[in-house]
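Take a look at the structure set out below.
The values are calculated or read from the model by the stated rules, or taken from the named source; none is laboratory data. Just so we're clear, the structure is a prediction, and the values are computed from it rather than from any experiment. Backbone-built Cβ (ideal geometry, glycine too); neighbour counts: all protein chains shown.
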Amino acid sequence: MKIKNLIAVAGFAFFGGIFRYLFSLSLNEWGILIANLLGCFLLSFLTYYAIERDLLAGWLNLGLGTGLIGAFTTFSSFTTSVINLATSNFLIASGYFLVSLLGGFLAALIGYLLARLLVEMEGNR
Amino acid sequence: MILVGLGASCGALLRYLFTYFWKKTRIDWPLATLFINLTGAFCLGLLVHNFPSSQFTTLFWETGFLGGYTTFSTLNTELITMYNERQWKNLLFYGCLTYFGGLCLVWFAFHL
C-alpha cells in the first residue's frame, strides 16, 4: 500500500464530500439523488474509458474514482432518506427508491456504453 | 464545509482500506462494498434517530464520514460489470442484498 495512493483518496474525497454537501444544501434528498445518478455515470465512464485501459497513473485512478466520485455519491443518506420519506408519504418514498435504483443502473449503463463507443471510434481512426 | 470534507476524507480512506484488503483475497465478488454500504447505512440510521444531533455530528459524522464511507457509484459500476459479464444471478443477488438489506437495517436502526 502506497502513501501516495492514500493521500490521493483522502485529498480527492475531501472535495467529493463537499460537492455532495453543496447539492444537498440546496435540494435536500433530491440533491443526493442527482449527485448519486451523476456519480454513477461518471464512475462507470471513467472505469471503462480510462481505468480499464490504464490511461492514467494509478494514484489518479484511485483519487478520481475511489476518492472524488466515491465520496460524492452515498448509499447511507439514500437509505435514510427513503425510510424518512416513508414515514410521511409512502408513495414519494417508493418513487425516490425506484428512481435511485433504476436511474443509478441506467446512468452507469450509459457511462459504460459511451466509453465503449469512444474507445471503438478511437480504434478506427 | 471543512468538517464535511475532513469527514469524507476519513470515510473514503476507511472504504479504500476495506476494498484494498478484500481484493487481496482474490475473491471475485464485491463483499467489501456490500459490507461498507450496509454498515454505513445502519450507523447513519442509528445516528440520525437515536443520538442527539449537534452541528458537529451532522456535518462531520453524518454528511462527511458516513457519506464518504458509503458509495452509490461503486455499487452501480460493479452491477454494470456483472451485467457486462452476463452474471445475471450475481447481479440480482448483489442488487437485492444491498438495496433491501440497506433499507431493512435503517428501519431496524430507527426502531431500536
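State yes or no: is B:S9 more than 9 Å from chain A (Cβ to nearest Cβ) and either in contact with an Asp or Glu (Cβ under 9 Å, 6 or more places away or on another chain) or over 29 Å from A:L113 (Cα atoms) (or both)? Show your work before the answer.
Numbers: more than 9 Å from chain A (Cβ to nearest Cβ): no; either in contact with an Asp or Glu (Cβ under 9 Å, 6 or more places away or on another chain) or over 29 Å from A:L113 (Cα atoms) (or both): yes.
The answer is no for B:S9.
Identify all residues within region B:9-20 that are touching a helix residue (DSSP H, G or I) at 6+ places or on another chain (Cβ under 7 Å) and under 14 Å from A:G65 (Cα atoms); write none if there are none. Break it down stepwise before answering.
Start the filter on region B:9-20 by keeping residues that are touching a helix residue (DSSP H, G or I) at 6+ places or on another chain (Cβ under 7 Å), which leaves B:9-16, B:18-19.
Listed by number, the residues that qualify are B:S9, B:A12, B:L13, B:R15, B:Y16, B:T19.
If you go through region B:55-78 one residue at a time, do you hit one that is aromatic (F, W, Y), within 22 Å of A:T47 (Cβ to Cβ), out of contact with any Phe, Trp or Tyr (no Cβ under 6 Å at 6 or more places or on another chain) and crowded, with 18+ Cβ neighbours inside 10 Å? So that I can check it myself, show each step before the final result.
Here is the first cut: in region B:55-78, the ones aromatic (F, W, Y) are B:56, B:60-61, B:65, B:69, B:72.
Add one more test, that the residue is within 22 Å of A:T47 (Cβ to Cβ), and what stays is B:69, B:72.
In the following step, the residues that additionally are out of contact with any Phe, Trp or Tyr (no Cβ under 6 Å at 6 or more places or on another chain) were identified as B:69.
With the extra rule that they be crowded, with 18+ Cβ neighbours inside 10 Å, the set shrinks to B:69.
The answer is yes; a qualifying residue exists.
Looking at region A:3-35 only, could you name the residues that are among the β-branched types (V, I, T) and at pLDDT 95 or above? Even if it seems obvious, please write down each step before you answer.
Within region A:3-35, the first condition is being among the β-branched types (V, I, T), and the residues that meet it are A:3, A:7, A:9, A:18, A:32, A:34.
Selection gives A:I7, A:V9, A:I18, A:I32, A:I34.
Out of (1) among the aliphatic types (A, V, I, L, M); (2) within 7 Å of another protein chain (Cβ to nearest Cβ); (3) in contact (Cβ under 8 Å) with a residue 60 or more places away in the chain, what's the single condition that is false for B:L97?
(2)
Identify the residue in region B:23-57 that is over 22 Å from A:R20 (Cβ atoms), over 15 Å from the mean Cα position of the chain (by Cα) and hydrophobic (A, V, I, L, M, F, W, C) and, among all such residues, is nearest to the other protein chains (Cβ to nearest Cβ).
B:W29
Would you be able to tell me the number of residues in region A:86-113 that are touching a residue at least 40 places away in the same chain (Cβ under 8 Å), of a type in the set (A, V, I, L, M) and in contact with a Ser or Thr (Cβ under 9 Å, 6 or more places away or on another chain)? So that I can check it myself, show each step before the final result.
If we filter region A:86-113 for residues that are touching a residue at least 40 places away in the same chain (Cβ under 8 Å), which is where we start, we get A:96, A:99-100, A:103-105, A:107-112.
Among the residues that remain, those that are also of a type in the set (A, V, I, L, M) are: A:99, A:107-110.
Restricting the remaining residues to those that are in contact with a Ser or Thr (Cβ under 9 Å, 6 or more places away or on another chain) gives A:107-110.
Looking only at that region, the number is 4.
Exactly one of (1) at the interface with chain B (Cβ under 10 Å from one of its Cβ atoms); (2) surrounded by fewer than 24 Cβ atoms within 10 Å (Cβ to Cβ); (3) under 26 Å from B:T63 (Cβ atoms); (4) modelled with pLDDT of 95 or more is unmet by A:L102. Its number?
(1)
Would you check if there is a residue in region B:78-91 being over 14 Å from the mean Cα position of the chain (by Cα), of a type in the set (V, I, T) and within 9 Å of chain A (Cβ to nearest Cβ)? If you could, list the steps in order and put the result at the bottom.
Restricting attention to region B:78-91, the residues satisfying the condition of being over 14 Å from the mean Cα position of the chain (by Cα) are B:79-91.
Narrowing the set further to residues that are of a type in the set (V, I, T) leaves B:80-81.
Checking the rest, the ones that are also within 9 Å of chain A (Cβ to nearest Cβ) come to B:80-81.
Scanning region B:78-91 turns up at least one residue that is over 14 Å from the mean Cα position of the chain (by Cα), of a type in the set (V, I, T) and within 9 Å of chain A (Cβ to nearest Cβ).
Give all pairs with beta carbons closer than 6 Å in which a residue from region A:39-61 that is closer than 18 Å to A:F72 by Cβ meets a residue that is modelled with pLDDT of 95 or more and in a loop (DSSP other than H, G, I, E, B); count only pairs at least 6 apart in sequence or on separate chains.
A:G39/A:T73
State yes or no: is A:F90 of a type in the set (F, W, Y) and touching a helix residue (DSSP H, G or I) at 6+ places or on another chain (Cβ under 9 Å)?
Numbers: of a type in the set (F, W, Y): yes; touching a helix residue (DSSP H, G or I) at 6+ places or on another chain (Cβ under 9 Å): no.
No.
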